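The block underneath contains the structure these notes are about, expressed in structure tokens.
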Amino acid sequence: MKIDVLTLFPRMFEGPMGESIIGKAVEKNLLEINVSNFRDYSDNKHQSVDDYPYGGGAGMLLKVQPIYDNLQSIEELSPETKKRVILLDPAGKPFDQKMAEEFSKEEHLVFICGHYEGYDERIRSLVTDEVSLGDYVLTGGELGAMVMIDATVRLLPDVLGNKLSAQTDSHSTGLLEHPQYTRPAEFNGMQVPEVLTNGNHKLIDEWQQKESLRRTLTRRPDMLEKVDLTPQQEKWLQELRNEIE
């Protein structure tokens, strides 16, 4: 996968994009990340990238020309790849795990990180997606882009050491992940559930499914409205509801 990021603050990406899972993906040649400063593409001598809005209003808007030219340069360097161009915008579609899974199947992603009050509306004609990290406003799109890149890259084949890790993550299954434990079996009087230590994989699987349902029911019941449960899971869920009530 190839990822390009358009930003006014490229140094923000120098550390995070070279560490942990993303750094390892780059080392394995599973990922290529390029960060460009679209101020370098401004066509005026002061390299300004923003201006006052027509009709008045608070703040400044990002101009279309620098971003357009930056995108054109990316196209010239990689004309063979189909690109999904993502505009970071508080008014965009909320980012979620399903979107990360969609992005992970793409060949080339381009993230545009905004600043100031907003965008010249014509910039929206250059993108395929308008995405928001959540219902709040950040000072710029950089942190949002980093989160989306991280959530996407970890889903690429061979990036995670254990292929099952991404499949069983919270939100990937539609439910929150069940509780997990490691050694020692007892610590300060706190015991690992006996079912996890008896070696009976059928009972362990049932316990994990029930606890996943329990955690989702108590912490994020809204998620249960969107997930397709098996008849057995529906039965367990009803038992848990009766138990909690």
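The values are calculated or read from the model by the stated rules, or taken from the named source; none is laboratory data. Quick caveat, the model's predicted, so the values are computed rather than measured. Positions of Cβ are generated from backbone atoms using ideal geometry, with glycine treated the same way; all protein chains shown enter the neighbour counts. SASA here: full protein model, heavy atoms, side chains in, ligands and nucleic acids out. Shrake-Rupley method; radii C 1.70, N 1.55, O 1.52, S 1.80 Å.
Observations
- Cross-chain or 6+ apart pairs with Cβ under 8 Å, segment 44-64 first and free of Cβ contacts under 8 Å to residues at least 24 places away in the same chain and hydroxyl-bearing (Ser, Thr, Tyr), then part of a loop (DSSP other than H, G, I, E, B) and open to solvent by 50 Å² or more (accessible area, probe 1.4 Å): 48/63
- Considering residues of segment 103-148 that are in contact with a Cys (Cβ under 7 Å, 6 or more places away or on another chain) and buried (at least 18 other Cβ atoms within 10 Å of the Cβ) only, the residue nearest to residue 59 (Cα to Cα): 141
- Count - residues of segment 12-68 that are touching a Lys or Arg at 6+ places or on another chain (Cβ under 6 Å) and assigned to a loop (DSSP other than H, G, I, E, B): 2
- Checking each residue in segment 21-33 for being surrounded by fewer than 18 Cβ atoms within 10 Å (Cβ to Cβ) and touching a residue at least 40 places away in the same chain (Cβ under 8 Å) picks out 21, 24, 28, 30.
- Condition check for residue 188 on (1) surrounded by 10 or more Cβ atoms within 10 Å (Cβ to Cβ); (2) free of Cβ contacts under 8 Å to residues at least 12 places away in the same chain: one failure, at (1).
- For segment 194-245, the set of residues classified as basic (Lys, Arg), exposed (fewer than 13 other Cβ atoms within 10 Å of the Cβ) and assigned to a loop (DSSP other than H, G, I, E, B) consists of 226 only.
- Tabulated pairs, segment 114-138, first within 14 Å of residue 71 (Cα to Cα), second open to solvent by 30 Å² or more (accessible area, probe 1.4 Å) and modelled with pLDDT of 90 or more, C-beta under 8 angstrom, 6+ apart or interchain: 122/64; 123/64; 123/68; 124/130; 126/64; 126/68; 128/83; 128/84
- Within segment 1-11, the only residue that satisfies the criterion of being assigned to a loop (DSSP other than H, G, I, E, B) and surrounded by fewer than 17 Cβ atoms within 10 Å (Cβ to Cβ) is 9.
- Residue in segment 144-162 that is at pLDDT 95 or above, under 19 Å from residue 106 (Cβ atoms) and over 17 Å from the mean Cα position of the chain (by Cα) present: no
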